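Below is one structure; the comments refer to it alone.
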Amino acid sequence: MNKHLLKIQDMTTEDIIAVLDLADKLKYETKNGIQHHHLAGKTLGMIFSKSSTRTRVSFETGMYQLGGQALFLSSNDLQIGRGEPVQDTARVLSRYLDGIMIRTFKQQDVEDLAKYGSIPIINGLTDYCHPCQILADLMTIREHKGSLEGLKAAFIGDGNNVAASLVVGCLKVGMSISVACPEGYELDETILEFVKPYGDKFSMVRDPKEAAAGADVVYTDVWSSMGQEGEAQKRRAAFEGIYQVNSDLMSVTNDKCMVLHCLPAHRDEEITDEVLEAHADEIFDEAENRLHAQKAVMVMLMK
Ligand code: CP
Ligand code: NVA
């Protein structure tokens, strides 16, 4: 495993499976009251330039459960918010902390933190990707389906940060994935480059039903991500009425098809309330598994 978790592309298939295996073990121990203070005395700094419920609470709680502590650092309150360069911030924080989780806009800022600092950096979401989310998603799929290889996933909606990491993660573990998105909202070109060796295990289409046909897992996310609030109206016009996970779409999937959503969800926009509630067990297991998967990442990077 690399020193950092900056994006899923940096992980090998073996790294991903090792994280999932450790996450399952930590989940079992947590549920059975078995303590695992692997990070006793260690401190994680958590830099947030965007809102968060799941990422913040799961990292913070996870760190306590591992015997360490976590510091919530709002970028508005750090000097970084007043223009102190990332390369200086990285070197200073490396002298106090044992690891940093950062949620921000530019992927380059996360890469720079890793370049100039000397401690492990974990990407808690950028405009480009959301690797921790996808580790929890794969854990949830494996938990519900028993294995990953050969399953088919479909992503319906914006070719955003979550879609980008999902495509890479699914392909790396032997799944196939089809993405349905409107024109102008395709996956980042680096992802389209990444998928090339995977042949027909990847497809990008316009029609959600074409993507969802025979799927074992259907996934969606909001039409407008954090930082895109100004485009919300234009985006709604591009997605509304077509890019929605609803019962009609679910009629073309495999039997026992799972539905996942990274949350927060906008009911009756990208997913109907009916489908979300029918698959609530899967979606909230997915949210819970953020905790276990990230604990595994922290143990592997920070122990
Ligand atoms: N899915 C996810 O990352 O949720 P938060 O934005 O609440 O952290
Ligand atoms: N694509 C969403 C995911 C939130 C967890 C966003 O970036 O806002």
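Cross-linked pairs K25/K106; K145/K209; K25/K145; K50/K172; K25/K115; K7/K295: Cα-Cα separations exceed 26 Å for K25/K106; K50/K172; K25/K115.
Compared with the dominant Cα axis of the chain, that is its longest principal axis, helix 280-302 is turned about 30°. Rounded to whole numbers, the Karplus 3J(HN,Hα) couplings from phi for region 148-154 are 10, 3, x, 6, 10, 10, 10 Hz, using 6.51 cos²θ - 1.76 cosθ + 1.60 with θ = phi - 60°, and x at Gly and Pro. Which values of log₁₀ I(q)/I(0), to two decimal places, follow from the Debye formula for region 169-222 at q = 0.23 Å⁻¹ with a uniform point scatterer at every Cα? Cα-only, vacuum Debye calculation for region 169-222: -1.01.
Shown here: the chain, whose C-alpha atoms stretch 53, 44, 37 Å along the first, second and third principal axes, sorted largest to smallest. Near the amide H of V245, within less than 5 Å, lie the amide hydrogens of I271, T272, all on another chain or at least 5 residues away, with H placed in the peptide plane. GNM on the chain, alpha-carbon springs under 10 angstrom: the most fluctuating residue among V19, V92, V245 is V92.
Temperature 20 °C, viscosity 1.002 mPa s: under these conditions the Stokes-Einstein estimate for region 186-297, based on its Kirkwood radius over C-alpha pairs, is 137 µm² per second.
Remark: region 94-142 projects, on average over all directions, an area of 3.8 nm² (convex hull of Cα atoms).
Among the GluC sites (Glu not before Pro) within region 89-189, those in coil by DSSP and having at most 11 neighbouring Cβ atoms inside 10 Å are E149, E183.
Here the Karplus relation 6.51 cos²θ - 1.76 cosθ + 1.60, evaluated at θ = phi - 60°, turns the backbone of region 184-200 into coupling constants of x, 10, 6, 5, 4, 5, 5, 6, 5, 6, 4, 6, 3, x, 8, x, 7 Hz, with x for every Gly and Pro.
Scanning residues 5 or more positions from A70 or on other chains, those with amide H under 5 Å from its amide H are L44, with H placed 1.01 Å from N in the peptide plane.
For region 34-44, the Karplus equation 6.51 cos²θ - 1.76 cosθ + 1.60, evaluated at θ = phi - 60°, returns couplings of 8, 6, 9, 8, 5, 10, 4, x, 9, 10, 9 Hz by residue, with Gly and Pro reported as x.
Since every read-out is calculated from the coordinates, none of them should be taken as a lab result. Quick caveat, the model's predicted, so the values are computed rather than measured. Virtual Cβ from ideal backbone geometry, glycine too; neighbours counted across all protein chains shown.
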